[in-house]
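Only one structure is covered here, and it is reproduced in the block below.
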Amino acid sequence: MLGEKPKYEQYQSVGLPWLVEVPAEWDVKPFAGLFEMSREKNGKSIVGSMLSVSGYRGIEQKRYENETQVREDKDLADYRVVRPNQLVVNTMWLNHTGLGVSELEGHVSPAYRSYNIDQSLVPRYAHYLLRSHNYVQGYTGLMQGIRPNSLQIKDVDFKRMPVLVPDLDTQNRIVSFLDEKTAEIDAAMDKKRRLIGLLNEQKAILINRAVTKGLNPDAPMKDSGVDWIGEIPAHWEVKRFKHCVKTQSGQVDPTKQPYKEMILIAPNHIVQGTGETLDFETADEQGADSGKYFAEAGSVIYSKIRPNLNKACIVDFDALCSADMYALRGYPKYFEQRYLLRQILSDCFVIPAVDASMRVAMPKVNREAMAEFPMIIPPKSEQSEIIEWLDARLAEVRAPQVATEREISTLNEFKQTLIANAVTGKIKI
C-alpha cells in the first residue's frame, strides 16, 4: 500500500532527528501560532462528562475502577472545559500519546490543557498529526524530570514544536484517506481480538472443569452443597475461605526502603480471567505514595474491585500490591498456591464474588464477604496433577493466542506507519 503512493516533487529540510524533511509546498509553523489555550472552567455549571486521554483511542469518557473515584460536582469547579474540536493535552503523558482532538464535550483535570485550533488546520488532521509516531518521538526527546512517570515538557519547548500545515484541500484528502484505511485496519484487528476472546473463553472452560470436577471422569461424585458448583468428586472437601486461606493485612509505606524498589502490582497489570500479567514497574517508578500491601513470593494477588473482570495472578518474588487488591496464601495443609490461583479464576469463586460486590455501594469484594466463600479442596497430590494438566492444556491455547497477538501488533505498527507517512508528507495523498 505504501509503495504504491507517489512522493511530492520537492521537499524542504526541517532538520530535526524525528522530522528531517517535509513537502516544500507545506507551511511549518510553531505550535503557539496555531493553538490558543482555553481558559474556560466549569464554575457552578458542570459541562458534560469527565474526559480523559487514551493513548489508543484519543479523547474519551473517563472510566472509573470504582465509584469512590467519581468526584462530586462541588469538586469540579476548577476543572477545564473541553469543547468539540479542541485539542486536549496531558503534558506528563505525551510520550504515551497523551493528547488528541476531542469529538466530545466535557471536562478534564486542571492538570490537562485544552486548546482552540486555528482555522488553517482541519481538527482531525491535527489529531492524526500530533499523535503520529514522529511527534511522539519528538515529545519524548524534550521531556524532562527525575522519575520516569513524572517527566514533562517545558511550556516554552512545547510552544516551539513545529506543526505541518498543508493547504486545507490536502488536509481533507489526508483525513479521508486515513479514516478509510485505519477503519479497515481496525476492523481486521477487532476480528483478531474477538478470536483472542474466544481463546480466553476456552481457557476459562478448561479451568472451570478441572478445578470443580477433577481429571478422572469415572470418579464417584457427591453434591457440593453449593448451587453454582454442583457435584464434585466424592473424596474432595468444601471449606469456607476463612478456614483455608489467609488474607494479608497491614499496609506498608511504598516511599521507604525496601518497599520503594519492589514491583508494585495493580489491577491494570493483570490480564482478565487468565492469571497472565503485563509489564511491571516498581513502586518508585509509579510514584506510589499511599499505603500498599506486602505480598511475599508465591502469593496470589486478587483484585477486589469489579470482580467480574476476574483479575488474579501469582508472583514468584516479593512484591507490593495496590490497596484495591488482596495478597492471599492458602494454608499449606489445604492448598498448592498455583491451584488456589486457578480456583480463584474459576466460576466457583467468581460467581459469589460478583454477587457479593452487587450488595455494596461500589462493586468490590470485602474481606467479610470473601471469608464465607466456599472453597473446593482436592487432596494436594491431586491438585498438583490438575495444575500440570492445566498448564499443558493452557499452553496449547496460548500458542495461537500469542501468534494472533503478534499479528495485531504488526497491523497496529503498519497503521501507525501509514499515519506518520501521510501526515508528514512521505507519501502524497
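The values are calculated or read from the model by the stated rules, or taken from the named source; none is laboratory data. Since this is a predicted model, take the numbers as computed values, not measurements. Cβ placement follows ideal geometry from the backbone for every residue including glycine, while neighbour counts extend to all protein chains displayed.
So the values come out like this:
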{"read-out": "Residue that is surrounded by the most Cβ atoms within 10 Å (Cβ to Cβ) [pool: residues in the stretch 250-287 that are small (G, A, S) and out of contact with any helix residue (DSSP H, G or I) (no Cβ under 8 Å at 6 or more places or on another chain)]", "value": "A266"}
{"read-out": "Of residues in the stretch 259-271 being touching a residue at least 60 places away in the same chain (Cβ under 8 Å) and within 18 Å of D318 (Cβ to Cβ), the one nearest to the chain's Cα centre (by Cα)", "value": "I265"}
{"read-out": "In the stretch 292-305, the residues that are surrounded by 13 or more Cβ atoms within 10 Å (Cβ to Cβ), in a loop (DSSP other than H, G, I, E, B) and not polar (S, T, N, Q)", "value": "G298, K304"}
{"read-out": "Residue tally, condition hydroxyl-bearing (S, T, Y) and farther than 15 Å from R342 by Cβ, over the stretch 192-248", "value": "2"}
{"read-out": "Subset tally (residues that are surrounded by 12 or more Cβ atoms within 10 Å (Cβ to Cβ) and either among the hydrophobic types (A, V, I, L, M, F, W, C) or assigned by TED's automatic domain parsing to the domain that holds P110 (or both)) for the stretch 2-24", "value": "7"}
{"read-out": "Number of positions in the stretch 278-330 that are under 21 Å from the mean Cα position of the chain (by Cα), closer than 19 Å to C348 by Cα and of a type in the set (D, E, K, R)", "value": "3"}
{"read-out": "Residue within the stretch 314-321 that is assigned to a strand (DSSP E or B) and under 20 Å from M375 (Cα atoms) present", "value": "yes"}
{"read-out": "Complete set of residues in the stretch 367-413 that are of a type in the set (D, E) and in contact (Cβ under 8 Å) with a residue 60 or more places away in the chain", "value": "E372, E382, E385, E405, E407"}
{"read-out": "Subset of the stretch 25-50 [part of a loop (DSSP other than H, G, I, E, B) and surrounded by 14 or more Cβ atoms within 10 Å (Cβ to Cβ)]", "value": "E25, W26, L34, S38, E40, N42, I46, V47, G48"}
{"read-out": "So I301, is it among the β-branched types (V, I, T) and closer than 25 Å to R359 by Cα", "value": "yes"}
{"read-out": "Hits in the stretch 219-269 (condition: assigned to a loop (DSSP other than H, G, I, E, B) and over 30 Å from F280 (Cα atoms))", "value": "A219, P220, S224, G225, V226, D227, W228, I229, G230, A234, H235, W236"}
{"read-out": "Residue within the stretch 351-361 that is crowded, with 20+ Cβ neighbours inside 10 Å, of a type outside the set (A, V, I, L, M) and part of a helix (DSSP H, G or I) present", "value": "yes"}
{"read-out": "Top-ranked residue in the stretch 272-282 [being part of a loop (DSSP other than H, G, I, E, B) and in contact (Cβ under 8 Å) with a residue 12 or more places away in the chain; ranked as farthest from I196 (Cα to Cα)]", "value": "F280"}
{"read-out": "All positions within the stretch 257-298 that are among the aromatic types (F, W, Y) and within 22 Å of G330 (Cα to Cα)", "value": "Y293, F294"}
{"read-out": "Selection count where residues are assigned to a helix (DSSP H, G or I) and not charged (D, E, K, R), scope the stretch 105-139", "value": "14"}
{"read-out": "Some residue of the stretch 1-12 being under 30 Å from V82 (Cα atoms) and touching an Asp or Glu at 6+ places or on another chain (Cβ under 6 Å)", "value": "no"}
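Per-residue answers, yes or no, for (1) touching a residue at least 40 places away in the same chain (Cβ under 8 Å); (2) outside the structural domain of H107 (by TED's automatic domain parsing); (3) closer than 20 Å to L94 by Cα:
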position: L34; (1), (2), (3): yes, no, yes
position: K44; (1), (2), (3): no, no, no
position: S49; (1), (2), (3): yes, no, no
position: V53; (1), (2), (3): yes, no, yes
position: E60; (1), (2), (3): yes, no, yes
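Results for (1) farther than 25 Å from I427 by Cα; (2) more than 25 Å from the chain's Cα centre (by Cα); (3) not charged (D, E, K, R), shown as yes or no for each residue.
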site: G145; (1), (2), (3): yes, no, yes
site: I153; (1), (2), (3): yes, no, yes
site: F158; (1), (2), (3): yes, yes, yes
site: P162; (1), (2), (3): no, yes, yes
site: D169; (1), (2), (3): no, yes, no
site: I185; (1), (2), (3): no, no, yes
site: R193; (1), (2), (3): yes, no, no
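Conditions (1) over 19 Å from Q248 (Cα atoms); (2) outside any helix (DSSP H, G or I), marked per residue:
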| site | (1), (2) |
| --- | --- |
| L341 | no, no |
| F349 | no, no |
| A369 | no, no |
| M375 | no, yes |
| S381 | yes, no |
